[in-house]
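Worksheet: the structure to be examined is printed underneath.
The values are calculated or read from the model by the stated rules, or taken from the named source; none is laboratory data. Bear in mind that the values here come from a model prediction, so they are computed numbers and not experimental data. With ideal geometry, Cβ positions are generated from the backbone for all residues, glycine too; neighbour counts draw on all protein chains shown. Accessible surface is based on the protein model in full, side chains and every heavy atom, while ligands, DNA and RNA are left aside. Shrake-Rupley method; radii C 1.70, N 1.55, O 1.52, S 1.80 Å.
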Amino acid sequence: MPPKLDINKAGWEQSEFPILCETCLGDNAFVRMSKQEFGRSCGTCARPFTVFRWNPGTGMRFKTTVICQTCAKIKNVCQTCLLDLEYGLPTQVRDTALALENEAPTSDINREYYAQNMEGKLEGNKSLLDSARAQSAGKEMLKQLARTDPYYKRNRPHVCSFFVKGECKRGDECPYRHEKPVENELSKQNIQDRYYGRNDAVAKKILLTHASSMGLQPPDDQSVTSLFISSLPVTATEQSIRTRRDFVSISLHCNSETATVPRCAFVNFRDRPSAELAAQAWANGLDIEGERVSVRWGRSKNSAASSSKPPVAAPKAAASS
């Protein structure tokens, strides 16, 4: 019985060619692929799908698809590396810059049901990712961080586990790399975090480096949980500043020359991680009422109090008798 006619296999996916980025596909123009229908379950929705396996080039390791095409179209990512197909960046970087919320369920019970419902909304190779309403500042940030050229070094073979133990006897004939592995947080990643854009170590490093280069290095004082927004437009209100970020309060301040027009604001957040995430997302500025405003970290209470105190005069030296 064909899979689509079997009620137990109605949600299983069949495809003729994978959705891949240029890096994973490789530089070989005559790449050969093996195809296995329902070869494994999807790494995100757990539904069986068609698995493709190929060698991207000479001296590279064999690569395979790890998620189904439905999940790839929902997030507009590669089926193998799970990076964004347009910018070549982790989904956490893209969603942070475009202020996109993750609506996909993460529990095992609802993931398959959600994928089946979204499959009916897909038309051909069209992605469900809607970035038309995103701010221009976020798109500009992604253009600066985008990886335009393929990075084939990512297709290198894995490190030989026997070489690490000192037991490899193949020498130069070993198909794996003979080098010591680097143990850090970047080497410990999983499919779920990369796909859903949560706790991705690579994404955190990219966002932090970009924010620091734009003058938004997080202050050492962990009590600072506010951001300072300057050059607000004349029509700016508290509601126009509010976005999907986790705010506690927004205080508007007026200019001394025009006491009725707010020109700057302090945005207070619930905790330090929320403030850091907003600073990383607004590294290129924030679009309010059609104008680009600048964002800076607020000052700590200790530094503000010390700067407001008048300087203390030095004691006069006693006259010699």
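Data overview
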{"item": "Exposure of Tyr151 as accessible area (Å², to 10), given a probe of 1.4 Å and all protein chains", "result": "130 Å²"}
{"item": "Within the accessible area of the range 23-80 (1.4 Å probe), percent carbon and sulfur", "result": "48 percent"}
{"item": "Highest to lowest packing among 203-211, 230-238, scored as the average C-beta count within 10 Å", "result": "203-211, 230-238"}
{"item": "Added length on full extension, which subtracts the Cα-Cα distance from 0.36 nm per residue, Arg61 to Cys174", "result": "39.5 nm"}
{"item": "Over 30 Å between alpha carbons, listed pairs Lys35/Lys180; Lys165/Lys204; Lys73/Lys165; Lys75/Lys165; Lys75/Lys153", "result": "Lys35/Lys180; Lys165/Lys204; Lys73/Lys165; Lys75/Lys165"}
{"item": "In Å², nearest 10: area of Cys168 left accessible to a 1.4 Å probe", "result": "40 Å²"}
{"item": "Contour excess over end-to-end distance, with Cα ends at Arg154 and Val182 and 0.36 nm allotted per residue", "result": "8.6 nm"}
{"item": "Surface share of carbon and sulfur [accessible, 1.4 angstrom probe, percent] for the range 138-192", "result": "50 percent"}
{"item": "Length added when fully stretched, Gln189-Ser231, from 0.36 nm per residue minus Cα-Cα", "result": "11.1 nm"}
